[in-house]
Amino acid sequence: MHFLWYPGHMTKARRMMQENIKLIDLIIELVDARVPLSSRNPDIDELGKNKARLILLNKADLAEEGKSDEWVEYFRGKGYSAVKVNSKKGGGIKSIQSVIQEACKEKMERDRKRGILNRPVRAMVVGIPNVGKSTFINTLAGKACTKTGNKPGVTKGKQWIRLNKNVELLDTPGILWPKFEDQSVGLKLAFIGSIKDEILQTEELAAELVKFLRESYPGVVEGKYGIEGSDDAYVCLREIAESRHCLVRGSELDTEKAASILLDDFRGGRLGRITLEKPETQESPENL
Ligand code: G4P
């Protein structure tokens with residue numbers, strides 16, 4: 001699913017978020033493990049102050065394992081609970097309930113001291129479009145699904161998914177708007193397919209990806225397509241077109257097609273597990 005964002009969308013998303021945040025104790029924020037910072041919106045820190053926080057590095061199956069571990073440490077160092085998950089295949093999901101309870105430990109303790117017993121923790125999933133919010137909710141709910149609310153005789157309103165006697169999850173996720181004003185953030189979000197391809201030309205985007213890969217994952221493009229790998233990213237796209245027999249009008253190399261193949265292969269994990277951001281280099285915005 002692709003999104004084009006306008007100021008109106010952001011205002012609406014922010015308003016929805018503000019309303020729903022009032023109802024919950026814990027924010028479960030999904031980020032993309034390949035771009036854990038670029039796929040966040042730091043405004044959530046302001047919106048969610050005083051709430052327990054859990055960051056899930058989703059799509060961990062597409063990111064480099066060791067780097068994801070470093071990111072987990074990075075977020076923990078900043079005071080968040082953090083774990084890696086693969087919502088599509090269910091990896092890491094089994095332990096989520098205990099992670100949620102751990103993230104809410106202080107709140108549960110406060111409740112207990114005030115004599116509030118048996119009040120479940122309420123949580124909401126948030127994240128930018130395409131990060132995997134619905135997949136995560138479905139996978140989690142598939143394991144423990146009892147919907148509450150909107151039943152005759154029960155208070156009308158939000159739908160909650162009861163995960164166990166201690167935790168309830170709001171069944172509609174909160175949508176965060178990406179921070180694509182920063183060019184390098186926009187580029188990385190375009191690489192992973194979170195912002196519409198039409199914003200950037202496919203070939204231009206693919207050429208940028210070639211540059212990044214040659215720098216950080218040398219040999220990957222060459223190995224995948226059996227090409228020499230020119231220093232010039234556009235020549236590299238021509239080599240991919242040649243090796244994949246992408247032709248237009250019978251004989252001309254179709255570099256646009258080659259660019260789409262490269263982007264699709266990257267997004268589908270067919271170039272291997274690749275992380276676009278490293279925790280220690282985040283201070284320098286010119287990175288990438
Ligand atoms: P959203 O609600 O945040 O907008 O995201 P959604 O769940 O719709 O997921 C967006 C895409 O990301 C989906 O792919 C989904 O399958 C994929 N996805 C979600 N979690 C993971 C994960 O942990 N690993 C991987 N590899 N993919 C994940 P799609 O192409 O739109 O749909 P489909 O082809 O998978 O059906």
Can you tell me the relative contact order of the chain? Whole percent, Cα pairs under 8 Å, sequence separation 6 or more.
21 percent
Taking amide H positions as placed 1.01 Å from N in the peptide plane, with prolines and chain starts having none, which residues 5 or more places from residue 167, or on another chain, fall under 5 Å of its amide H?
121
Per DSSP, the loop-located trypsin sites (Lys or Arg not before Pro) within the stretch 1-54 having at most 11 other beta carbons within 10 Å are 22, 49
Principal axis dimensions, largest first and in whole angstrom, of the stretch 7-179 by Cα:
47, 37, 30
For the chain, what is the calculated [θ] at 222 nm in deg cm²/dmol (nearest 500), taking -39500 (n - 2.57) for each run of four or more DSSP H residues and dividing by its residue count?
-12000 deg cm²/dmol
How large is ³J(HN,Hα) for each residue in the stretch 127-139, as worked out from phi by the Karplus curve 6.51 cos²θ - 1.76 cosθ + 1.60 (θ = phi - 60°), to whole Hz, x for Gly and Pro?
x, 6, x, 6, 7, x, 4, 5, 4, 4, 4, 4, 5
Would you kindly derive the ³J(HN,Hα) couplings of the stretch 182-195 from the backbone phi angles with the Karplus curve 6.51 cos²θ - 1.76 cosθ + 1.60 (θ = phi - 60°), listing them in order in whole Hz, with x for Gly and Pro?
6, 4, 6, 5, x, 5, 5, 5, 6, 4, 7, x, 8, 10
May I ask you to list the GluC sites (Glu not before Pro) in the stretch 222-279 that are in a DSSP loop and have at most 10 other Cβ atoms within 10 Å of their Cβ?
228
May I ask you to derive the relative contact order of the stretch 201-267, considering only C-alpha pairs under 8 Å and at least 6 residues apart, and to give it as an integer percent?
33 percent
Trypsin sites (Lys or Arg not before Pro) within the stretch 168-212, DSSP loop, no more than 16 other Cβ atoms inside 10 Å
196
In order over the stretch 81-88: 3J(HN,Hα) from phi, Karplus 6.51/-1.76/1.60, θ = phi - 60°, whole Hz, x for each Gly or Pro, gives 7, 8, 8, 8, 9, 10, 5, 5
Among all the aspartates and glutamates, which ones have a C-alpha under 13 Å from residue 51's C-alpha, if same-chain residues fewer than 8 places away are not counted?
25, 29, 106
Per residue accessible area of the chain, 1.4 Å probe, in Å²
51 Å²
Which three lengths, in whole Å and largest first, does the stretch 201-267 cover when its Cα atoms are put on their principal axes?
35, 24, 20
Env charge @ residue 7, Cβ radius under 13 Å, K,R +1 / D,E -1, value +2
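The values are calculated or read from the model by the stated rules, or taken from the named source; none is laboratory data. Just so it is clear, the structure is predicted and the values come from calculations on it, not from any experiment. When we count neighbours, we look across all protein chains shown, and the Cβ atoms used for this are built from the backbone with ideal geometry, even at glycine. Calculation scope for accessible area: heavy atoms of the full protein, side chains included, ligands and nucleic acids excluded. Shrake-Rupley method; radii C 1.70, N 1.55, O 1.52, S 1.80 Å.
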